[in-house]
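Peer 1: The structure under discussion is supplied below as structure tokens; questions concerning it will follow.
The values are calculated or read from the model by the stated rules, or taken from the named source; none is laboratory data. Everything quoted here is computed from the prediction, not taken from an experiment. Please note: Cβ atoms are built from the backbone with ideal geometry, for glycine as well, and neighbour counts cover all protein chains shown. The area values use the complete protein model at the heavy-atom level, side chains included, leaving out ligands, DNA and RNA. Shrake-Rupley method; radii C 1.70, N 1.55, O 1.52, S 1.80 Å.
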Amino acid sequence: MAASTETPEPWYLALLGFAEHFRTSSPPKIRLCVHCLQAVFQFKPPPRVEARTHLQLGSVLYRHTKNSELAQTHLEKAWFISQQISQFEDVKFEAASILSEFYCQQTLVDSAKPVLRKAIQISQQTPYWHCRLLFQLAQLHTLEKDLVSACDLLGVGAEYARVMGSEYTRSLFLLSKGMLLLMERKLSEVHPLLTLCGTIVENWQGNPIQKESLRVFFLVLQVTHYLDAGQVKSVKPCLKQLQQCIQTISTLHDDEILPTNPAALFHWLPKEHMCVLVYLVTVMHSMQAGYLEKAQKYTDKALMQLEKLKMLDNSPILSTFQVILLEHIIMCRLVTGHKATALQEISQVCQLCQQSPRLFTNHAQTFGPFPHGLYCISVNCMDNAEAQFTAALQMTTHQELWTFIVTNLASVYIREGNRHQELYSLLERINPDHNFPVRRFLRETLKMSNAEDLNRLTACSLVLLGHIFFVLGNHRESNNMVVPAMQLASKIPDMSVQLWSSALLKDLNKACGNTMDAHEAAQMHQNFSQQLLQDHIAACSLPEHNLISWTDGLPPVQFQPQNGPTTSLAGLL
């Protein structure tokens, strides 16, 4: 190709054509594709062709081979050469973007940051790339848990998009910032930001799919904000709007006209991914509200949709959705008395994390071995439960989860009966003045849970109050608590509360001389006990039961088979 003309030479077009043919073959012939692109350098091409070819080679090697060293060399050359060429923005900024992505994959984050900062600095006259690079650097800071820097960048992006006349992209930046502020618990900043976003989204007139996707993003943040505060009843109108919104999106066609503003050439999520996300927040709501059968139904739908999507799309967010869904359904199974199924789903989470180190790291920090600890309690393996919760405490960076783990560890010490000193030391680590009011009694808890339809919390509070009144000899008041506890537990259904309630009803009726009612309650208690014991035996016989011993490193993939239950059944009754 002559240096004085932009018209490609025939040899270049031929090599490029062959390279693309080999790359898109089925299966791809990557080695031949690389040979064709390398042959371009034999002709000593001008800088534009040289930079573009380095970019193409680096991309192919990065995406399709394990030759990371050669991929890095080509990407770095593409970035270096393209910076010397004027009006070569697409190659220049694509090189910066892919090179930074490559560095992050190789855990060379400190090399990625200056590349992105330089690209952002010189891309202000190229709206699409400037916005895209800002998003990319903000994502990098988010992965490093530097949410302050990420929020600052998203704020810069929002102002830039406003100046460029793209209210759509401005909304994407603002909603992304709102998401991070929620993660940081900066609620005083979240409220005005979400209010502003709601106004912008409703007033914006543009591409219908883009508008609806913004509404989904906005409503997902609102719903998770409510759920985070335990406001299960208050969130229902927002959740209903969200479900209606995703139905609207599913009827819209994707072949809409592309935006004319280059700053608006973005989308938040594919609508198929949004559908799974809406299922996910619905499952979260159902779990908190204590509608566990509904939670199972939506989890099954979401997981089925995910399996179909993962056949065609290897996007990491799909595996993240899958892990979060499994975490919720695991807790659901433990509550409903299906430990063996929960154990198999814990194993699925381990396998997913084994396939993705980044997913495992994020999972460990937000949830860690916590489900394993709950499973250990359910099968009365208290030593293993203590080890799992202790490991979870060391891994998590979330204050609320930390508190939740500590309270579960405290319950282990209480059940063991001889750990008073450890229990008191543990409770001293919780600082009530900063986390939750200390003078909140069971009646107040009952009032709060009733107000927000938190059925499981209500059932647990009722049965505990009933137990206290029974011990105090106030049988009438005890009965007034235990009967609705049993009704609510049956509706959820919560097997442990049903077992507890039936035992109390048996003792209450016996104490009051109600022989027939006592016999009926005893039969109920026997039935619940048998169900739990059979599930206990099934769970402990599974090879996955050995996961109770895993507390460190990557999750194991292979399990040794069990000969039978190795734990006491007495603690379940």
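Peer 1: For labels at residue 351 and residue 125 in the simple 7 Å Cα→Cβ model, what's the distance in nm?
Peer 2: Taking the two extended label points, one gets 5.5 nm.
Peer 1: Treat each spin label as a single point 7 Å out from the Cα along the C-beta direction, and report the residue 32 to residue 415 distance in nm.
Peer 2: 6.2
Peer 1: Using a/c under 1.5 as the rounded threshold, could you call the stretch 220-352 rounded, prolate or oblate? The axes a ≥ b ≥ c are square roots of the C-alpha gyration tensor eigenvalues, and prolate needs a/b larger than b/c, oblate otherwise. Intermediate values should be presented prior to the final figure.
Peer 2: Numbers: a/c = 2.41, a/b = 1.45, b/c = 1.66.
Note, shape of the stretch 220-352 comes out oblate.
Peer 1: Assuming R0 = 22 Å, can you tell me the calculated FRET efficiency for the pair residue 523 and residue 491, based on Cβ-Cβ distance, to the nearest 0.05? Don't skip to the end; give the middle numbers.
Peer 2: Details: r = 20 Å, r/R0 = 0.92.
It comes out at approximately 0.65.
Peer 1: Further question on the same structure: Please grab the % of Cα pairs in the stretch 56-207 that end up more than 27 Å from each other. Don't jump to the answer; show the numbers that get you there.
Peer 2: Numbers: 3516 of 11476 pairs.
Cα-Cα pairs of the stretch 56-207 separated by over 27 Å account for 31 percent.
Peer 1: Moving on to the next point. Taking just the C-alpha trace of the chain, give me its Rg and Dmax in Å.
Peer 2: Gyration radius and largest Cα-Cα distance of the chain: 28.8, 106 Å.
Peer 1: Roll a 1.4 angstrom probe over the protein heavy atoms and tell me the percent of accessible area of the stretch 12-120 that is carbon or sulfur. Before the final figure, lay out each step's value.
Peer 2: On the way: 3000 of 5690 Å².
About 53 percent, which is the carbon plus sulfur part of the accessible surface.
Peer 1: Whole Å is fine, so just give me how far the alpha carbon centre of the stretch 90-167 lies from that of the stretch 291-363.
Peer 2: With the stretch 90-167 and the stretch 291-363 each reduced to a Cα centre, they are spaced 31 Å.
Peer 1: Mind checking the full-extension length gain between residue 451 and residue 189? Use 0.36 nm per residue of separation minus the Cα-Cα distance, one decimal, nm.
Peer 2: Numbers: separation 262, 0.36 × 262 = 94.32 nm, distance 2.65 nm.
Gain on extension, residue 451 to residue 189, equals 91.7 nm.
Peer 1: Thinking of the stretch 12-120 as a set of Cα atoms, what percent of all their pairs are more than 24 Å apart?
Peer 2: Values: 1334 of 5886 pairs.
Beyond 24 Å sits 23 percent of the P(r) for the stretch 12-120.
Peer 1: Then there's this: In debye to the nearest 20, how big a dipole does the chain give about its Cα centre with +1 on each Lys and Arg Cβ and -1 on each Asp and Glu Cβ?
Peer 2: Details: 46 positive and 49 negative charges, 56 e Å.
Roughly 260 debye, rounded to the nearest 20.
Peer 1: Just for the Cα atoms in the stretch 44-103, what are the lengths along the principal axes, largest first, rounded to whole Å?
Peer 2: Taking the Cα atoms of the stretch 44-103, the three principal extents are 32, 24, 14 Å.
Peer 1: A follow-up question, please. Residues of the chain: accessible area per residue at 1.4 Å, in Å²? Each step should come with its number before you reach the end.
Peer 2: Details: 28490 Å² over 573 residues.
Heavy-atom accessible area per residue stands at 50 Å².
Peer 1: I would also like to ask the following. Once R0 is set to 41 Å, what does the formula 1/(1 + (r/R0)^6) return for the Cβ-Cβ distance between residue 397 and residue 84, expressed as a FRET efficiency to the nearest 0.05? Numbers along the way, then the final one.
Peer 2: Details: r = 43 Å, r/R0 = 1.05.
For residue 397 and residue 84, the calculated efficiency is 0.45.
Peer 1: Can you tell which of 231, 108, 519 lies farthest toward the positive end of the dipole of the chain, using +1 and -1 charges on the Cβ of basic and acidic side chains (Lys, Arg; Asp, Glu)?
Peer 2: Going by the charge dipole, the pick is 231.
Peer 1: Within the set of other residues whose C-beta is less than 12 Å from the C-beta of residue 521, count the net charge using Lys and Arg as +1 and Asp and Glu as -1.
Peer 2: Details: positive: 506, 510; negative: 507, 517, 520.
With Lys, Arg at +1 and Asp, Glu at -1, the net is -1.
Peer 1: At 222 nm, what value in deg cm²/dmol follows for the chain if DSSP H runs of at least 4 each add -39500 (n - 2.57) and the sum is divided by all its residues, to the nearest 500?
Peer 2: Details: 27 runs with 424 residues, N = 573.
Here the helix-only value at 222 nm equals -24500 deg cm²/dmol.
Peer 1: Let me check I've understood the local charge: for residue 24, count other residues with C-beta under 15 angstrom from its C-beta, Lys and Arg +1, Asp and Glu -1. What total comes out?
Peer 2: Values: positive: 23, 29, 31, 63; negative: 20.
Surrounding charge for residue 24 is +3.
Peer 1: Rounded, prolate or oblate, given the Cα gyration tensor of the stretch 122-171, with a/c below 1.5 counting as rounded?
Peer 2: Values: a/c = 2.56, a/b = 1.69, b/c = 1.52.
Prolate, since a/c reaches 1.5 and a/b exceeds b/c.
Peer 1: Another question, if that's okay. If r is the Cβ-Cβ distance from residue 407 to residue 468 and R0 is 30 Å, what FRET efficiency results, to the nearest 0.05?
Peer 2: Working: r = 19 Å, r/R0 = 0.62.
Efficiency computed from Cβ-Cβ geometry: 0.95.
Peer 1: Right, next: By the gyration tensor of its Cα atoms, with a ≥ b ≥ c the square roots of the eigenvalues, what is the shape of the stretch 29-76: rounded for a/c under 1.5, prolate for a/b over b/c, or oblate?
Peer 2: Working: a/c = 2.41, a/b = 1.43, b/c = 1.69.
Cα axes put the stretch 29-76 in the oblate bin.
Peer 1: Full extension from residue 297 to residue 269: what is 0.36 nm times the residue separation minus their Cα-Cα distance, to one decimal in nm? Walk me through the numbers before you get to the answer.
Peer 2: Values: separation 28, 0.36 × 28 = 10.08 nm, distance 2.38 nm.
Going from the current span to full extension adds 7.7 nm.
Peer 1: Of 236/339; 29/66; 294/447; 233/271; 177/211, which ones are farther than 21 Å apart at the Cα?
Peer 2: Values: 236/339 30 Å; 29/66 15 Å; 294/447 24 Å; 233/271 27 Å; 177/211 18 Å.
Pairs exceeding the cut-off: 236/339; 294/447; 233/271.
Peer 1: Toward the positive end of the charge dipole of the stretch 12-120, about the Cα centre and with charges on Cβ (Lys, Arg +1; Asp, Glu -1), which of 72, 43, 86 goes farthest?
Peer 2: Sorting the options by dipole projection puts first 43.
Peer 1: Report, to the nearest whole %, how much of the accessible area of the stretch 325-415 belongs to carbon and sulfur atoms, 1.4 Å probe, protein only.
Peer 2: Accessible surface attributable to carbon and sulfur in the stretch 325-415 totals 53 percent.
Peer 1: Highest mean first, how do 191-198, 505-512 rank when packing is the count of other Cβ atoms within 10 Å averaged over residues?
Peer 2: Details: 191-198: 15.8, 505-512: 18.5.
Sorting 191-198, 505-512 by mean packing, highest first, produces 505-512, 191-198.
Peer 1: Label points 7 Å out from Cα along the Cβ direction at residue 477 and residue 203: separation in nm?
Peer 2: About 5.6 nm separates the two model spin labels.
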